[in-house]
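Scroll down for the structure; my scribbles are underneath it.
The values are calculated or read from the model by the stated rules, or taken from the named source; none is laboratory data. Note that the structure is predicted; figures quoted are calculated from it, not measured. Counting neighbours? That spans all protein chains shown, and the Cβs are built from the backbone with ideal geometry, glycine included.
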Amino acid sequence: MNDKVIQKALEYYIKELEKQNEALKTFIKQIAYAFNCEKDRDEIIKDILNTLSEYDMMFIDKEC
């Protein structure tokens, strides 16, 4: 394979991993906040579950 093609593929995957990393950081903050904030806990948990289902769909789409 051409080195430039490999380099472009690696750059793409690195960018995707960086996006996932940021999304996971936000997700972890949501979980931490939910356990520390009784007032908004139900709404935050609903957001967390929605986020999980989005990740699930992203994973399923990439598998197919």
**OP:** Show the residue pairs that are 6+ apart or on different chains and have beta-carbon atoms under 7 Å apart, the first residue being within region 42-53 and within 14 Å of Ile28 (Cα to Cα), the second being of a type in the set (Gly, Ala, Ser).
**Re:** Ile44/Ala34; Ile45/Ala34; Ile48/Ala34
Subject >> Count - residues of region 1-33 that are over 15 Å from Leu52 (Cα atoms) and touching a helix residue (DSSP H, G or I) at 6+ places or on another chain (Cβ under 7 Å) >> reply: 1
**OP:** Considering every residue within region 1-20, establish whether at least one is modelled with pLDDT under 85 and surrounded by fewer than 11 Cβ atoms within 10 Å (Cβ to Cβ).
**Re:** yes
